[in-house]
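> The structure follows.
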Amino acid sequence: MKKMWILFILPVSFMYCQDRKRDKMANPLQPGQEVVFKDTATVKIIDSAYNFGKISEGEKVVYSYRFVNIGKNPLIVSKASPSCGCTIAETPKEPIKTGDTGFIKIEFNSTGRAGEAHKSIHVTSNAYDGFPDLQLTGQVVTADK
């Protein structure tokens, strides 16, 4: 009878150990540990928000948001998506080298946009922490006729 219990317990114990080993392989991090990505592109934002103040309807606002690549690899800005069609964003054509400053140029057309303006630009890049959304605010007053 003892032999039967041992024959039953041994395979069950073995399967339990295998499951624990598989769990550690799937998630090698322990609680509280962080993943550190070495040799990545990292961005430091200089300008993340711009308030253009008051402008007359029909005026255009042009502004360049600045950022620096503080990572170890070139920073590639692949896309900048404004929150509406009244704003156009232009991204750098070339990768930004380590230590260099890059610019995302925007142009806001205030035609038909009287009132408070709150626009955001979502930036897609290879930066480890990513870009925060860039903000554009101000007030568009109706043009006198």
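The values are calculated or read from the model by the stated rules, or taken from the named source; none is laboratory data. The model shown is predicted, which means the values in this text are computed figures rather than measured ones. Quick reminder, even Gly has a Cβ in these numbers, built from the backbone with ideal geometry, and neighbours come from all protein chains shown. The protein model used for the area step is the full one, side chains on, heavy atoms only, and it has no ligands, DNA or RNA in it. Shrake-Rupley method; radii C 1.70, N 1.55, O 1.52, S 1.80 Å.
> Can you tell me which residue is least open to solvent (accessible area, probe 1.4 Å) among those in the stretch 97-118 that are basic (K, R) and closer than 23 Å to V77 by Cα?
If we take residues in the stretch 97-118 being basic (K, R) and closer than 23 Å to V77 by Cα, then K105 is least open to solvent (accessible area, probe 1.4 Å).
> Which residue pairs have Cβ atoms closer than 7 Å, lie 6 or more positions apart in sequence or on different chains, and pair a first residue in the stretch 39-60 that is closer than 19 Å to F108 by Cβ with a second residue that is of a type in the set (D, E, K, R)?
Between residues of the stretch 39-60 that are closer than 19 Å to F108 by Cβ and residues that are of a type in the set (D, E, K, R), the close pairs are D47/R66; E57/R113; K60/E107.
> Select, from N126, N109, the only residue that is touching a strand residue (DSSP E or B) at 6+ places or on another chain (Cβ under 7 Å) and modelled with pLDDT of 95 or more.
One residue alone meets the criteria, N109.
> Scan the stretch 68-88 for residues that are hydrophobic (A, V, I, L, M, F, W, C) and either over 16 Å from the mean Cα position of the chain (by Cα) or open to solvent by 60 Å² or more (accessible area, probe 1.4 Å) (or both) and report the count.
Counting residues in the stretch 68-88 that are hydrophobic (A, V, I, L, M, F, W, C) and either over 16 Å from the mean Cα position of the chain (by Cα) or open to solvent by 60 Å² or more (accessible area, probe 1.4 Å) (or both) gives 5.
> Just checking, how many residues over the stretch 37-89 are part of a loop (DSSP other than H, G, I, E, B) and of a type in the set (F, W, Y)?
1
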